[in-house]
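*Asks:* Starting off with a structure, shown below.
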Amino acid sequence: MKTYSRPITAAPEKLVENGKYNLGCFNTPVKQANLLDFSSPYKLPLPRAIKALQLREWQAFQLMGNNHFIMVAIYNAKKISLVQFIVYDIKNNKKIKYEKKVPAWDLHVPDTLYNSVASYTSNNFSLEAKHNLAENKLELTARIKGFGGLPEVNAHFSGLHDVTNYKPMVVCNPFSAGRVMYSHKCLMPMEGELTIGDKHLKFEKTDSQLIIDDHKGFYPYPTVYDWVTGMGRDKENRIIGFNLTNNQVIQQERYNENCLWFNGELHPLPPIKVKRPEGVKGKWQITDEYDMVNLEFNSVIHTSVNINLLIIKSAYEGPYGFFNGYLKKVSGEKILIENLFGMGEDFYLRA
């Protein structure tokens, strides 16, 4: 069996310097994800305002503890923009979804995780993510009231965004010579409280965790990708998780965001493929060519979103479920994945 590795280095200060992208895969955060400083992502130089309309950017968070999985998103694709707060009760197989399509100008997604805020605020739906990496802080707040007859939500979570002890996977990966994607993903312990209707849940940092995805990209038209992620604790209560994507990035042997997080360590993984022999609602098989990724995903609840407005078309399949199998470190050590909860996406967007 052939072996796999790829360079993982410290990140540059900025993603664009001296008119060029700093491509690579990093295990430290960038200070500024300044993709708009690249002059010509579409071959010809464009005004900054036009580039901003083409730059998709979001912050998304997966949180888990107390038999509950929570998905939070502040998503700005300019032509399609929305906020989400989803709570899934794993034990009782019950999902409550708060989602609101909003104007792009009502969302704010910063280009740094140092002393910044991502947010959306309205009279019935507010999300706020405060960041200060210099102090290892991530604060996530949600307030939702009078929204579609659903229960009122008040939530506050604190993530230990300590990139020294919980290494992130940070990438600036190319789709072409001019178009790239940036992502900062990190698995960390978290704590917090959630009140939804008359139900109050407390999340302790000893058994709760959070994955952040700070994301920007000049994505291809159309955009197509497969993505799976899972997180939890092993039998020794060590924090464990993974991120696996098959997207339109070129040279994926060198440039990808696939990784295993284990007890704070970061372990790069190879390019992967996702097969669905029984369809999107059946078992998913996630494998690679190096026998480092061998997972089966069994969904327990499913979300489909299909929009066809001629110019804009979206086809989204997003199940939640359990992963089983194994992942391997570059050293060859096998990490068993046993009923680890997470989610997947089969994504298509023409916009």
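*Asks:* Given the options 233, 238, name the one that is open to solvent by 10 Å² or more (accessible area, probe 1.4 Å), within 22 Å of residue 63 (Cβ to Cβ), in contact with a Phe, Trp or Tyr (Cβ under 9 Å, 6 or more places away or on another chain) and without any contact (Cβ under 8 Å) to a residue 60 or more places away in the chain. Please lay out each step first, then the result.
*Replies:* Numbers: 233 fails: in contact with a Phe, Trp or Tyr (Cβ under 9 Å, 6 or more places away or on another chain).
Residue meeting the stated conditions: 238.
*Asks:* Test residue 167 against the criterion of being open to solvent by 40 Å² or more (accessible area, probe 1.4 Å), in a strand (DSSP E or B) and either at negative phi or modelled with pLDDT of 95 or more (or both), and give yes or no.
*Replies:* Criteria not met by residue 167.
*Asks:* Let me ask you something else. Could you please let me know if residue 304 is more than 25 Å from residue 67 (Cα to Cα) and at pLDDT below 95? If you could, list the steps in order and put the result at the bottom.
*Replies:* Values: more than 25 Å from residue 67 (Cα to Cα): no; at pLDDT below 95: yes.
Here the answer is no, as residue 304 does not meet what is asked.
*Asks:* From the set of residues in the stretch 28-63 that are farther than 22 Å from residue 117 by Cα and touching a Gly at 6+ places or on another chain (Cβ under 8 Å), which is surrounded by the most Cβ atoms within 10 Å (Cβ to Cβ)?
*Replies:* 41
*Asks:* Okay, moving on. Yes or no: the stretch 281-300 includes at least one residue that is part of a strand (DSSP E or B), touching a residue at least 60 places away in the same chain (Cβ under 8 Å) and not aromatic (Phe, Trp, Tyr). Break it down stepwise before answering.
*Replies:* Looking only at the stretch 281-300, we keep the residues that are part of a strand (DSSP E or B), and these are 284-287, 293-300.
Still in the running and touching a residue at least 60 places away in the same chain (Cβ under 8 Å): 284, 295, 297, 300.
Pick out the ones that are also not aromatic (Phe, Trp, Tyr) and you get 295, 300.
Scanning the stretch 281-300 turns up at least one residue that is part of a strand (DSSP E or B), touching a residue at least 60 places away in the same chain (Cβ under 8 Å) and not aromatic (Phe, Trp, Tyr).
*Asks:* Turning to a different aspect of this structure: Could you list, in sequence order, all residues of the stretch 204-262 that are over 20 Å from residue 344 (Cβ atoms) and among the small types (Gly, Ala, Ser)? Please lay out each step first, then the result.
*Replies:* Step one: list which residues in the stretch 204-262 are over 20 Å from residue 344 (Cβ atoms), which gives 204-208, 214, 216, 218, 220-221, 233-239, 250-251, 253-255, 262.
Within the stretch 204-262, just 208 meets the criteria.
*Asks:* Additional query: Residue 318 - would you say it is under 16 Å from residue 348 (Cβ atoms) and without any contact (Cβ under 8 Å) to a residue 24 or more places away in the chain?
*Replies:* No; evaluated as a whole, the condition is false for this residue.
*Asks:* Turning to a different aspect of this structure: I'm checking my understanding of the structure. Among residues of the stretch 127-154 that are more than 25 Å from residue 31 (Cβ to Cβ), of a type in the set (Gly, Ala, Ser) and open to solvent by 10 Å² or more (accessible area, probe 1.4 Å), which one is nearest to the chain's Cα centre (by Cα)?
*Replies:* Within the stretch 127-154, the subset more than 25 Å from residue 31 (Cβ to Cβ) is 142-154.
Remaining after also requiring of a type in the set (Gly, Ala, Ser): 142, 146, 148-149.
Imposing the further condition that a residue be open to solvent by 10 Å² or more (accessible area, probe 1.4 Å) reduces the set to 146, 148-149.
Numbers: 146: 28, 148: 27, 149: 29 Å.
It comes out as 148.
*Asks:* May I ask you to list pairs of residues, at least six apart or on different chains, whose Cβ atoms are under 6 Å apart, with the first in the stretch 321-346 being under 19 Å from residue 71 (Cβ atoms) and touching a residue at least 24 places away in the same chain (Cβ under 8 Å) and the second being among the polar types (S, T, N, Q) and open to solvent by 10 Å² or more (accessible area, probe 1.4 Å)?
*Replies:* Filtered contacts from the stretch 321-346: 321/298; 321/299; 322/298; 322/339.
*Asks:* Okay, next question. I'd like to verify a number: residues in the stretch 184-197 that are outside any strand (DSSP E or B) and either without any contact (Cβ under 8 Å) to a residue 40 or more places away in the chain or within 21 Å of residue 243 (Cα to Cα) (or both), how many?
*Replies:* Let us first name the residues in the stretch 184-197 that are outside any strand (DSSP E or B), namely 197.
Right, trim to either without any contact (Cβ under 8 Å) to a residue 40 or more places away in the chain or within 21 Å of residue 243 (Cα to Cα) (or both) and you get none.
Qualifying residue count for the region: 0.
*Asks:* If you take just the strands (runs of 3 or more DSSP E) that sit entirely in the stretch 72-151, which of them hold at least 3 residues that are among the charged types (D, E, K, R)? Show your work before the answer.
*Replies:* On the way: elements: 81-89, 94-101, 116-121, 125-132, 137-144.
Where strands (runs of 3 or more DSSP E) fall fully within the stretch 72-151 and carry at least 3 residues being among the charged types (D, E, K, R), they are 94-101, 137-144.
*Asks:* Name, by its number, the condition in (1) hydrophobic (A, V, I, L, M, F, W, C); (2) open to solvent by 60 Å² or more (accessible area, probe 1.4 Å); (3) under 25 Å from residue 219 (Cα atoms) that does not hold for residue 160.
*Replies:* So residue 160 meets the others, but not (3).
*Asks:* Going by the conditions given, is residue 223 on the phi < 0 side of the Ramachandran plot, out of contact with any Asp or Glu (no Cβ under 8 Å at 6 or more places or on another chain), open to solvent by less than 10 Å² (accessible area, probe 1.4 Å) and modelled with pLDDT under 95?
*Replies:* Numbers: on the phi < 0 side of the Ramachandran plot: yes; out of contact with any Asp or Glu (no Cβ under 8 Å at 6 or more places or on another chain): yes; open to solvent by less than 10 Å² (accessible area, probe 1.4 Å): yes; modelled with pLDDT under 95: yes.
Yes, satisfied.
*Asks:* May I pose another question? Could you grab me the full set of residues in the stretch 78-96 that are open to solvent by less than 10 Å² (accessible area, probe 1.4 Å) and farther than 27 Å from residue 200 by Cβ?
*Replies:* Within the stretch 78-96, 81 is the sole residue that qualifies.
*Asks:* List every residue pair whose Cβ atoms lie under 9 Å apart, where the two residues are 6 or more positions apart in sequence or sit on different chains, the first residue falls within the stretch 4-18 and is closer than 19 Å to residue 271 by Cβ, and the second residue, located anywhere, is open to solvent by 80 Å² or more (accessible area, probe 1.4 Å) and at pLDDT 95 or above.
*Replies:* Final answer for the pair search is 4/253; 4/289; 6/253; 6/254; 7/254.
*Asks:* Got at least one residue in the stretch 97-114 being surrounded by fewer than 16 Cβ atoms within 10 Å (Cβ to Cβ) and on the phi > 0 side of the Ramachandran plot?
*Replies:* no
*Asks:* Which ones in the stretch 253-270 are open to solvent by 30 Å² or more (accessible area, probe 1.4 Å) and over 28 Å from residue 206 (Cβ atoms)?
*Replies:* 253, 254
The values are calculated or read from the model by the stated rules, or taken from the named source; none is laboratory data. It should be emphasised that the depicted structure is a prediction, and the values quoted were computed from it without experimental measurement. Because the Cβ atoms are built from the backbone with ideal geometry, glycine has one as well, and the counts that use them run over all protein chains shown. Side chains are part of the model used for accessible areas, which takes the heavy atoms of the whole protein and leaves out ligands, DNA and RNA. Shrake-Rupley method; radii C 1.70, N 1.55, O 1.52, S 1.80 Å.
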